[in-house]
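> Pasting in a structure now, in C-alpha cells, and then I'll have a few things to ask.
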Amino acid sequence: MLLEHMPTGRPCNDPPKEYCAAMFTIEHEFDASVITLVDEGKSPLREDVVVQAFASVITIEQWDPRTDTVSKISLSPEQLRDLTIALNLPEGIYRTDPES
C-alpha cells in the first residue's frame with residue numbers, strides 16, 4: 001500500500017508499515033506545527049484530534065459531542081518526550097535522563 005501525499009497527489013514509495021491506513025494532515029504555521037489525526041478505524045469513530053506544537057507547549061484538542069465542548073490537554077516538550085518513550089515500554093516506574 002502506498003502513502004499518498006494528498007496536496008500533490010504524489011504517492012510516497014514504500015512507506016513504513018505503521019503509516020499504512022493512517023489519515024492525518026500536517027500544517028506548518030508561523031508559530032506552530034499543527035497535526036490533525038482523523039479516525040478511520042472501526043466504529044464507533046472518534047472526533048478528529050488536533051495537536052499543536054509550539055516552542056514551549058504542545059496542545060492536544062478533541063471535540064466532545066456529549067458536552068458540546070473542546071477538551072484540551074497541554075504538555076511541555078519534556079512531557080511529550082516522556083510520553084513518546086513510555087508508549088513503547090512495559091509496566092514500571094521510570095526516570096529519564098535529564099540530559100536526554
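What follows is calculated from the coordinates using simple rules that are stated; it is not laboratory data. All figures in this text were calculated on a predicted structure; none of them were measured in a lab. Cβ: placed from backbone, ideal geometry, glycine included. Neighbour counts: every protein chain shown.
> Can you work out the FRET efficiency for the pair ASP39 and GLU91, with r the C-beta to C-beta distance and R0 = 30 Å, to the nearest 0.05? Can you show the working numbers first?
Numbers: r = 27 Å, r/R0 = 0.89.
Step by step, r from the Cβ atoms, then E = 0.65.
> Taking the Cβ of MET23 as the center, what net charge do the other residues with Cβ under 9 Å away carry, scoring Lys and Arg +1 and Asp and Glu -1?
Numbers: positive: none; negative: ASP39, GLU40.
Residues near MET23 contribute -2 overall.
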